[in-house]
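What follows is a set of notes on a single structure, which appears directly below.
The values are calculated or read from the model by the stated rules, or taken from the named source; none is laboratory data. Keep in mind that this is a model prediction, so the values were computed, not measured. Here Cβ is always computed from backbone atoms with ideal geometry, including for glycine, and neighbour counts include all displayed protein chains. The protein model used for the area step is the full one, side chains on, heavy atoms only, and it has no ligands, DNA or RNA in it. Shrake-Rupley method; radii C 1.70, N 1.55, O 1.52, S 1.80 Å.
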Amino acid sequence: MEETHGSRELSTAQSLQFLACVRFGRVVFSRYALPTIRPVNHFIDDDTIVIHANPGISLTSDRQVVAYEADTIDHDTLLGWCVIVTGTAEEVEDPDEIARCREMLPATLPGSRDRIIRIYPDIVTGVEYMETTAAVGNSDQNRQPPV
């Protein structure tokens, strides 16, 4: 039997669960009116995404629309997932909240961790790439992300 690949859309809750399983992703923001992408560390805090913003991430002090993307796709099997979040970002300014976020954020990428940014998702999309035989055998919508 020939195995083929398929995909399934993820719900918002499933997408955030997948994001919670990885330590970094990519934030997309506007710099000089052009899209700019930077890798950052993150953690999921309730239904928001909290990231370190080094000096190269030129978010304004006002709320700014950003995108956030993380994925895990195996180069050999082409199986995995991708989640994209679009929402507004604002700098965390409360000292107690900054301290709490710094404790929660993994320090896996090099660079300064001067600022903490919280992304409030407006649009969350996710897709999982799988073998169609697995998709037929496991149609459970509450499936947990792979660890």
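May I ask you to say which residue of Arg38, Arg23, Arg8 is touching a residue at least 24 places away in the same chain (Cβ under 8 Å) and more than 17 Å from Thr125 (Cα to Cα)?
Numbers: Arg38 fails: touching a residue at least 24 places away in the same chain (Cβ under 8 Å); Arg8 fails: more than 17 Å from Thr125 (Cα to Cα).
Exactly one of Arg38, Arg23, Arg8 is touching a residue at least 24 places away in the same chain (Cβ under 8 Å) and more than 17 Å from Thr125 (Cα to Cα), namely Arg23.
Since Asp47 meets every condition but one in (1) modelled with pLDDT of 90 or more; (2) more than 17 Å from the chain's Cα centre (by Cα); (3) acidic (Asp, Glu), which condition does it not meet?
(2)
Tally up the residues in the range 50-77 that are modelled with pLDDT of 90 or more and among the charged types (D, E, K, R), please.
Residues in the range 50-77 being modelled with pLDDT of 90 or more and among the charged types (D, E, K, R): 4 in total.
Filter the range 109-130 down to residues that are in contact (Cβ under 8 Å) with a residue 12 or more places away in the chain, over 13 Å from Thr48 (Cα atoms) and either in a helix (DSSP H, G or I) or open to solvent by 60 Å² or more (accessible area, probe 1.4 Å) (or both), then give me how many there are.
Let us first name the residues in the range 109-130 that are in contact (Cβ under 8 Å) with a residue 12 or more places away in the chain, namely 109, 111-130.
Now drop any that are not over 13 Å from Thr48 (Cα atoms), which leaves 109, 111-115, 125-130.
Keeping just the survivors that are either in a helix (DSSP H, G or I) or open to solvent by 60 Å² or more (accessible area, probe 1.4 Å) (or both) gives 113-114, 125, 129.
So the answer is 4.
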